[in-house]
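Peer 1: One structure coming up, written as structure tokens, with questions to follow.
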Number of protein chains: 2
Amino acid sequence: MALEHALLVALSEQPAAGLELARRFEKSIGFFWHATHQQIYRVLARMEADGWVTVEEVAQTGRPAKKVYAVSASGAAVLRDWLATPVPMEAFRSELAVKMRGASYGDRAALLEVVRAARADHEARLQHYRQLEARDYPQPGQLTGAELDQHLVLRGGIRLEEFWIAWLDDYLAAHDAAAHPVKKEQSA
Amino acid sequence: MALEHALLVALSEQPAAGLELARRFEKSIGFFWHATHQQIYRVLARMEADGWVTVEEVAQTGRPAKKVYAVSASGAAVLRDWLATPVPMEAFRSELAVKMRGASYGDRAALLEVVRAARADHEARLQHYRQLEARDYPQPGQLTGAELDQHLVLRGGIRLEEFWIAWLDDYLAAHDAAAHPVKKEQSA
DNA sequence: CAGCCCTATGCAACTCGTTGCAAGGTGGTG
DNA sequence: CACCACCTTGCAACGAGTTGCATAGGGCTG
């Protein structure tokens, strides 16, 4: 029951059609929420039936017409209520973490390779986020309102990637140390 | 398709029945994976049908008999293969993050209260994890094998909670600053 | 113009996960 | 004994989310 509300946030920022929303999700709200276009279409249809959004068919030259959705008054009220509702403690879920925990029941070298690959992915994403930040928020001290919130959430995305990199480095270092133990007291 | 493998990891550490597994999930692997007992029962049944685990009915005094599951040879092979398989980039999903982004479309004071409550939850969980670490891993430098991995994953849980607290503090501080702006150049 | 890709919307089928409930047994309390 | 609490397993129904495919128009290329 939360994709609806994420869409209300996105449509409050800017009315849009299904595919546009899907694309925006990938590049901005998508730090912390992901959805396929199928799901977005279905939820938009339900939201329209519930009167949370209004639709306007917009013809385009050289392209099929699109249905542009905008938040209605009742949708805005729903969003307002939702924003004031406490969130239950959120569960984090990571397949990689399960693998790291289970490493000793498989080929450890192969698993370390998997971890290194994941670390590279997070590194790449971190760089991407930092570029976004430099491009879109060159003067963070001056922001207010929606822009301030958007920047703070992007900061969260950056912090999250930093968390991953630090943790995975921790893991890799510990297993390097275990593989090549440094003898402190006696040596060769 | 990943709960199966998480269960294989848990059962490799220690054979167990459905409810025991559900409870262990809550307190250890549960840092990074959560599952209800219903789901665990269903998946265990499927895994047994697939020959990944073996079952032994164990009678108990004063309690209903339980079905203790253990990893079979073919289950161990499946786990081994899975551990060596690369993980696709994982999507993080947070309702709270969406709310923080949408704050300006609702009552900001109410939302800041929601954020403070979430911060308190993460703080409490962090303290809990730190106690677990002090109790179960007093000498982290000496660990090897499965214990080392378990400790490193707990370290990940700790780092994750630290990420949340730092981020939420960031958010709260920015909105405090926006509410009570400090005039640097001119004052009163 | 045939073939392919892009945009835009959408259906159908499936898996995953949650919620509510129940059966059947034991133990403890008033 | 009646009642409640708890343990263990499980069913049924629902909602969320993914994957594959379909349709229908337009543009580009050989």
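Peer 1: If I model a spin label at A:Thr54 and A:Ala134 as a point 7 Å from the Cα along the Cα→Cβ vector, what separation in nanometres do I get?
Peer 2: 4.3
Peer 1: Take the alpha-carbon centre of the stretch B:1-16, take the same for the stretch B:132-153, and report the distance between them in whole Å.
Peer 2: The stretch B:1-16 and the stretch B:132-153 have Cα centres spaced 20 Å from each other.
Peer 1: So, one more: Report Rg/Rh for the stretch B:95-178, rounded to two decimals, where Rg is the Cα radius of gyration and Rh the Kirkwood radius.
Peer 2: Here the Rg-to-Rh quotient is 1.15.
Peer 1: Test of understanding: express the Cα radius of gyration of the stretch B:1-150 as a ratio to 2.2 N^0.38 Å, with N the residue count.
Peer 2: Values: Rg = 19.7 Å, N = 150, 2.2 N^0.38 = 14.8 Å.
Ratio of Rg to 2.2 N^0.38 Å for the stretch B:1-150: 1.34.
Peer 1: Measure nothing but the geometry: give the 0 to 90° angle between the long axis through the Cα atoms of B:108-136 and the longest principal axis through the Cα atoms of chain B, rounded to 10°.
Peer 2: 40
Peer 1: Continuing with this model, one more query. Summing both sides, how much accessible area is buried between A and B? Use a 1.4 Å probe and give Å² to the nearest 100.
Peer 2: Details: alone 13030 and 13060 Å², together 19390 Å².
Interface area, both chains combined: 6700 Å², rounded to the nearest 100.
Peer 1: Which aspartates and glutamates does A:Lys27 reach when only Cα atoms under 12 Å apart count, and residues fewer than 8 places away in its own chain are ignored?
Peer 2: none
Peer 1: Here is a follow-up. Rounded to the nearest 10 Å², what accessible area does B:Thr85 have for a 1.4 Å probe in the complete protein model?
Peer 2: 60
Peer 1: Would you kindly work out, in nm and rounded to one decimal, the distances from the label point of A:Asp81 to those of the same position in each other copy, ordered shortest first, with label points 7 Å along Cα-to-Cβ?
Peer 2: Ordered by distance, the counterparts are at 5.0 nm.
Peer 1: May I have the extent of the alpha carbons of the protein assembly as shown along their three principal axes, as whole Å values ordered from largest to smallest?
Peer 2: Result, largest extent first: 64, 53, 50 Å.
Peer 1: Next question, about the same structure. What aspartates and glutamates sit close enough to A:Lys66 to cross-link, taking a C-alpha to C-alpha distance under 16 Å and skipping anything fewer than 8 places away on the same chain?
Peer 2: Once the sequence-local aspartates and glutamates are set aside, what remains near A:Lys66 is A:Glu20, A:Glu48, A:Glu56, A:Glu57.
Peer 1: Also, quick follow-up: In chain A, what residue has the beta-carbon at the shortest distance from the axis of the rotation relating A to B, and what is that distance in angstrom, rounded to the whole number?
Peer 2: A:Phe163, 2
Peer 1: I've got another one for you. Residue by residue through the stretch A:10-20, what is 3J(HN,Hα) from phi via Karplus (6.51 cos²θ - 1.76 cosθ + 1.60, θ = phi - 60°)? Round to whole Hz and write x for glycine and proline.
Peer 2: For the stretch A:10-20, the Karplus curve yields 4, 6, 5, 5, 6, x, 6, 8, x, 5, 4 Hz.
Peer 1: Can you pull the percent of the stretch B:1-110's accessible area that's carbon plus sulfur, 1.4 Å probe, other chains left in place?
Peer 2: Carbon-and-sulfur percentage of accessible area, whole number: 54.
Peer 1: Show B:Arg159, A:Arg23 ordered by accessible area, largest first, where the area counts protein heavy atoms only and the probe is 1.4 Å.
Peer 2: A:Arg23, B:Arg159
The values are calculated or read from the model by the stated rules, or taken from the named source; none is laboratory data. Owing to the predicted nature of the structure, the values given are computational and were not obtained by experimental measurement. Heads up, the Cβs are rebuilt from the backbone with ideal geometry, glycines too, and the neighbour counts pull from every protein chain shown. Areas reflect the complete protein model, heavy atoms only, side chains present, ligands, DNA and RNA absent. Shrake-Rupley method; radii C 1.70, N 1.55, O 1.52, S 1.80 Å.
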